[in-house]
Every structure is written in structure tokens, then in C-alpha cells.
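Comments concern the structure below.
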Amino acid sequence: MAPLLTEDDAFNSHPILGTIAYRLPAIDKLFGVPMSYISGYHTLTFDLSVVSNTDLGPETLECGTASKCRIIYRRHYTPVLYYLKPPIVYYDSEVEMWFDPRSADDLATDLENDEMRFINGKVGPALLDFEFKVDDTRTFSSYHRNRVTG
């Protein structure tokens, strides 16, 4: 069982329209094992189902078409964070980070030439805003300094 929906997930979900937003925790946190155990796998596949607490008790909800609820974790699409300074972030602080986006930036294919592949990141509840700090002349695997905005 994965953790319950967060407030952000619940806010972005529209169950009446048939959609639920959910951010999976890091794969090692999800399984409760060290990352060294998972690092040997390049692809992990999961079929998603949702347990809904109804008046009649728990009910398992599954997709009519299994492929629409299939999650495929591919290691080469998982960005890797190598460096974060300071280790504690707070509102309006400057944060330095060094990361390798791997193939994740290849997922966004319909962007204009002047659009960034990403505009923010999260460290716990803090939102790191890349806008106005990173532009298309810098490589995404290089050193970045960002301001915490939330």
C-alpha cells in the first residue's frame, strides 16, 4: 500500500470526472528498502488499483483497461540529485543544487524553443522556482542556484 493522498494530490484530483492526481513517493520509500536494493533494476512495472473507503467498507477500484493504470518506473528517466546546499531550505533562501536530469527532459516534446523543460522542483514541501534563474543557454545537468518560493 502506498501512502494516502496528500493535500496537493487531493486538490489536483477530480474524482467526479474520473481522475485522481497522485505523486508516488521515491521508490525506496514506497517499498521501504534501501535504494541500493532497487538500483539493480532498470525497469519496474506496477498495475495500479485504488482502495476507496465507502459506507459499505473498503472497495478496490481498478481500471477497465489495465494498460491505462500501468505504471512503469524506468531508471533512465529518473533524475538524480547529487548536491543540495543548504541542507535545510526556508522561504526566500538561495539553494544550490547539482543534478542529472537523465532522459526525463526528453519527455516534454511539444515545447517551443524558448520554453524551459522544467520550471520548478520540490524539496519536501518547499518549492524551488527555476524561473528567471535558469535559461535555455545553460545545460540542465550543470550547477544551478534557485530561490525557494513556497
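The values are calculated or read from the model by the stated rules, or taken from the named source; none is laboratory data. Only a predicted model underlies this, so the values are computations on that prediction, with no experimental measurement involved. Because the Cβ atoms are built from the backbone with ideal geometry, glycine has one as well, and the counts that use them run over all protein chains shown.
Per-structure values
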{"item": "Failed condition for residue 73, given (1) surrounded by 15 or more Cβ atoms within 10 Å (Cβ to Cβ); (2) of a type in the set (Phe, Trp, Tyr); (3) modelled with pLDDT under 75", "result": "(3)"}
{"item": "Every residue from segment 76-87 that is outside any strand (DSSP E or B) and either in contact with a His (Cβ under 6 Å, 6 or more places away or on another chain) or surrounded by fewer than 11 Cβ atoms within 10 Å (Cβ to Cβ) (or both)", "result": "76, 86, 87"}
{"item": "Residues that are of a type outside the set (A, V, I, L, M), closer than 19 Å to residue 61 by Cα and exposed (fewer than 13 other Cβ atoms within 10 Å of the Cβ), drawn from segment 1-45", "result": "3, 14, 15, 18, 19, 23, 45"}
{"item": "Every residue from segment 53-67 that is surrounded by 10 or more Cβ atoms within 10 Å (Cβ to Cβ) and not in a loop (DSSP other than H, G, I, E, B)", "result": "59, 61, 62, 66"}
{"item": "From the options 142, 93, residue that is modelled with pLDDT of 65 or more, over 19 Å from residue 8 (Cβ atoms) and of a type in the set (S, T, N, Q)", "result": "93"}
{"item": "Qualifying residue in segment 25-37 (condition: of a type in the set (A, V, I, L, M, F, W, C), assigned to a loop (DSSP other than H, G, I, E, B) and modelled with pLDDT of 85 or more)", "result": "yes"}
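Residue-by-condition table, conditions (1) free of Cβ contacts under 8 Å to residues at least 24 places away in the same chain; (2) at negative phi; (3) touching a Lys or Arg at 6+ places or on another chain (Cβ under 9 Å):
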| position | (1), (2), (3) |
| --- | --- |
| 59 | yes, yes, no |
| 63 | yes, yes, yes |
| 74 | no, yes, no |
| 86 | yes, yes, no |
| 94 | no, yes, yes |
| 104 | no, yes, yes |
